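Written below as structure tokens is the structure these notes are about.
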Amino acid sequence: MEVTDIGNKEEGKVWHRKPTAGRGVLVTVVRTVQQAKTVRFLHVAFDTTGDSFLAGDHHGNIYVFDISRNRFRLAQKTGQACTALAFSLRRTTEFLVALADYTIKCFDKDTKQLVSWMRGHEGAVSSISVHSSGRYAITTSSDTAQLWDLDTFQRKRKLNIRQSVGIQRVFFLPLSNTILSCFSDDSIFAWESDTLFCKYQLPVPDCGPRISYKAFAVTRDGKSLAAGGRSNLLHLWCLDSQQLVRVIQMPSQVRTVRQLEFLPDSFDGGASQTLGVLSQDGVMRFINIHTCKLLFQMGSHDEAITTVAVSPNGRHVVAIMDNGSINIYSIQSLTQELNKPPPSQVAVVSGGEAGEDLSNLKMKVRSEVVQRPAKSLGRRIQVKILRPPAVSSAEDKENELPAGLNKKRLVALLKAFGEYPAKYRMFVWRSLLHLPENHAAYSSLTDKGLHSAFLALHDKYPIKSHKLQRGLQRVLSALAHWAAIFGEVEYLPLVAFPFVKLFQNNPMLCFEVVATLIVNWCQHWFEYFPNPPLNILSMAENVLAHHDKELLQHLVDCGITSQLYVWPLLETLFSEVLTRDEWLRLFDNVFSNHPSFLLMACVAYIICCREPLLQCSQKQDFEYFFHHRNNLDVGATIKEAYRLVGSTPADIHPRTMLSDFTPLTSGQYPVFNQYPEFIVEYQSRERERIRLQEMEYLRERQEVSALRADFVHRQAEEEAYFAQQELLQKAEEQRRNILAQEEEKLTQQRTKLAAMKRELKVKELQLLDATRRRFLKHQQHLRASHIRRLDQEISRKMDLREQETAAAVQDLEVRQMELEVQRKRLEQHLLKEQERVGREVEEEVQVKMKEAEKAEESYTELLHSAETNMQALEESLAEAYQLGLDCDWQRGVVERLQQVDAEQERKKEKLTELQRQTVAEEERLADTMRQVAGRKWDDVMSTRAQLEEQQQPWSSAHMDGQRQTGVQSPGHTRGFLHRPAVSVGAAGPAVRANSATTPRPAGTNMVCLNSSSPSESTSTNFSLDRGRAQLDSSERELLKEIRELRQKLAARAKEGSSASSQSVHTLSSVSQ
């Protein structure tokens, strides 16, 4: 194994010694810098051809490796590590690289120029998927996926998801406009790329453990999807039916699937059957998804693989190893044991080997897994393939084909079944034709571009499929660059088209098949160029004359030559007269036989169509017959061709005139010069001369056309100028006439306008007058309606006020009734209280009267027995004691009255606080009370005046008695004559209210017995030395006055109580 260290080189060779066949690893590429430090490669990506790939290292260097040309070069220095790589499919020189700063840049690998810089991701971009048309690209990170237009490099759409659900991968399906999005919850959605409409969702399997998809792979036809993750199970989906078709269990060594890649095959039509599974142990195992068998594997525990890229043509696999190096594998060497065809199932019965051949029919299906042994370090493992002992004979060597096939056995198989298996037909054809697969030589032809002879191919041969059109142009251009005559052959597209359609996914194989066909089966076709190959046509005519003279005679009689019945079949290779399956069966036999078999097939076709041809007589009928499909059994035609091959004499047999099969040379294609070079060169020169003349003629014609166009343009401008001047003059005259007419019309219109203005003014005044009248009428109506509304409002308010007044009156009546009831209750209460007080007063008066009578009797006795001072003193003492008792009684009465007054005061205060809003009524009541109090005060004052007048003689007599008593018995009166007088007074609340404001006369002493005013007090001094007679008379008069005063006071008290009860009743009514 060769190791290439690219170091700091910017270009060089990938390998210095061509790798030998049979080695799995072609070369190992490493990059070391100063001090033998290895720079790790991170990502790789193949282009569409599969011959070159990109590789990005940890330092941000992007290299282009061309395997077919054995060259590498530095494409770009980005300065930071890349996270994903992808080639642009539309512009093959451009590539996309995702960098560590979350941006995507587009570079040109040839010019090393920055084409565009795309921003928008907030996380590292993990993958880049490009649409098959090359117009769109999808970049995926863990949190979002973005769709970019590669023509404008603008973002079209952005897929945002919840943080709880991450994105695993979003990519385009091949050959379709479908986007597949895979999320971390194992959900897979398919979207339409144009409208972003959700087409379907793959159902997540309910049974079994959760896989947690991490890796995905799609076949080239976009019909199958493989998914794997944190398990050794693989899910295989059919995207057409949207169903899970198979669950594949990998060996127990596989615990996690890191990457999945389908291995393409040139002959599987895009439905890849081999799937590569890269697991956590760094080993990539390739399995067959149908048989679920392990085919081979790459890598080992010592040399683990981190990521893999498979070329689209299925020839190479590039793996980045765990140590950062790149290994380039050859799939052909890895699958050498697998590419061997199955053993022949046809037994050829021969003389003594019958038993041996019959034993070959027995096939034992082995379940062993074909594995490639792991490569050990520093040693090369030689694989020995055990084969049966070969018989060294020239015939066997001639029948031996590449890849272990045997032509003799293939022919026997073909004769038995009539055709090769469709699954292995392309493989068999490659072996039969010994295709060299010269990639470098073919690339050198295609690099020359399209040939000038086929630039307008679509005009002459319009094809609906653009892909087929471009493929046909490429193959024909490569043929024209290979040999100059093929640029002149008009029927070459007819020859190549069936193979282009058959090998449309591999143009190199198509070119080599067509070239091999031309070299072997088209021998001597170009000797009479540009005329048809008359020598070949004469061969076919001789064979037809030998086997069916009648048919040939009929053709001759109708004037039909071999150019009309043989050449159409040859120049189209039967593609116009046979269906696809019939054509494939025919060429299975053509490629398996001598090149002369094609001519025999033409003659056999004519002989098998003998009956309809004998019925034709017109040339147009024959032309139509050999250019359209007919009802023909191709199997009978092939049998007839084999019969003709075996029964045709050697002198006219085409085998004697045509060479045996000669394959194309390996490395470089052979020189093809079997054509009249002078004619081709002459035609080329003539065509070039004609082309130059045409170019000159076209140039001169273009110049003449330009001059003529200039002359015509100038002439048209002059004519237009003169015509314009004439038109201007005519227009000026017309405008003058029009102006005169317009002025006259304007004058008339002004007159009419003045009249109209007058009429309008009159109408305006009339309208204004009518409007004013209408406005006044409207105002009147409004005023009337307003007055009506006011009347209604007044009446409504009056009614409301009456209702409120009636309700208030009713409330007042009810309140008056309540007050009346309360007044009556209070009167009853006061009457009862007055009766009780009266009874108490009467009882006290009676008691006092009795005591007075007793005192009088005692006083009388004292007077009669006043013989000594001691008796008088005792009487005076008894009288004084009696007066003290009277004063105590009066004091108790006053206290009770004061308590009653205090209680009334509290009630008043309470009523006053509750009735602050009725000030007017309180004032009236206060006035009334003041009047009552004034009258009572007048009465009291008059009574006091009378008492003072009566007390004056008593006081003088008393003073005289005291002086006499003091002279007579000074020693006996020393202890009690100076006792202070007892003040007795009682007054009502009205009297107290006015006593504060009315001044008392100075020096007056008033005595009011049983008075209701407690504020007034009288001092009475009794003298015991007055005369008995005077004392008796005065006492009788005093008692009489006392009785009168008591009666008056009782009457006044009754009046006062009634007035106070009335005021209390009024206050209670107001408070309520």
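Computed on protein heavy atoms with a 1.4 Å probe, the accessible areas place Val29, Val712 in the order Val712, Val29, largest first. For Lys907, the lysines whose Cα falls under 26 Å of its own Cα, not counting residues fewer than eight places away in the same chain, are Lys824, Lys832, Lys936, Lys1054. Per residue, the average separation of C-alpha pairs within less than 8 Å and at least 6 apart gives the stretch 46-130 a relative contact order of 22 percent.
To the nearest 10, the accessible area of Glu835 is 110 Å² with a 1.4 Å probe.
In Å², and per residue, what accessible area does the stretch 105-243 have when probed at 1.4 Å with the other protein chains present?
46
For the pair Thr805 and Glu895, the difference between a 0.36 nm per residue extended length and the Cα-Cα distance amounts to 27.5 nm.
Which of Pro532, Val519, Pro498 sits closest to the plus end of the dipole of the stretch 437-552, meaning its Cα is farthest towards the positive end, when Lys and Arg get +1 and Asp and Glu get -1 on the C-beta? About the Cα centre, the residue reaching furthest to the positive side is Pro498. Per residue, the stretch 787-912 exposes 77 Å² of accessible surface when a 1.4 Å probe is rolled over the protein heavy atoms with every protein chain present. Full extension of the chain between Ser126 and Glu744 yields a length gain of 213.7 nm, computed as 0.36 nm times the residue separation minus the alpha carbon distance. Note on His43: accessible area approximately 60 square angstrom, rounded to 10, probe 1.4 Å, nucleic acids and ligands left out. If R0 equals 41 Å, the separation of the Cβ atoms of Lys423 and Thr38 corresponds to a calculated FRET efficiency of about 0.35. For Glu488, the solvent-accessible surface with a 1.4 Å probe is about 30 Å², rounded to the nearest 10.
For the stretch 148-222 versus the stretch 106-143, the spacing of their alpha-carbon centroids is 17 Å. Each of the peptides 475-481, 565-571 was scored by the mean count of other Cβ atoms within 10 Å over its residues; in descending order, highest first, they stand as 475-481, 565-571. For each pair in Lys423/Lys467; Lys109/Lys460; Lys464/Lys639; Lys112/Lys199; Lys423/Lys619; Lys214/Lys501, compute the distance between the two Cα atoms and list the pairs where it is over 30 Å. Where the Cα-Cα span goes over 30 Å, the pairs concerned are Lys109/Lys460; Lys464/Lys639; Lys112/Lys199; Lys423/Lys619; Lys214/Lys501. Figure the gain on full extension for Leu1039 and Lys415 (residue separation times 0.36 nm, minus the Cα-Cα span) and round it to one decimal in nm. Full extension from Leu1039 to Lys415 adds 206.4 nm. Between Tyr669 and any residue 5 or more places off or on another chain, the built amide H atoms are never under 5 Å apart. Choose one of Thr144, Asn177, Val130: the residue whose Cα lies farthest towards the positive end of the charge dipole of the stretch 93-234 (beta-carbon charges +1 Lys, Arg; -1 Asp, Glu; about the Cα centre). About the Cα centre, the residue reaching furthest to the positive side is Thr144.
Ordering 1040-1051, 925-936 by mean Cβ neighbour count within 10 Å, with the highest value first, yields 925-936, 1040-1051. Based on the Cβ-Cβ distance of Leu244 and Ser142, what FRET efficiency does E = 1/(1 + (r/R0)^6) give at R0 = 25 Å, to the nearest 0.05? So the FRET efficiency works out to roughly 0.45.
The values are calculated or read from the model by the stated rules, or taken from the named source; none is laboratory data. Quick caveat: nothing in here was measured; it's all calculated off a predicted structure. No Cβ is skipped: glycine too gets one built from the backbone with ideal geometry, and neighbour counts run over all protein chains shown. We work out accessible area using only protein heavy atoms, side chains counted, and drop any ligands, DNA or RNA first. Shrake-Rupley method; radii C 1.70, N 1.55, O 1.52, S 1.80 Å.
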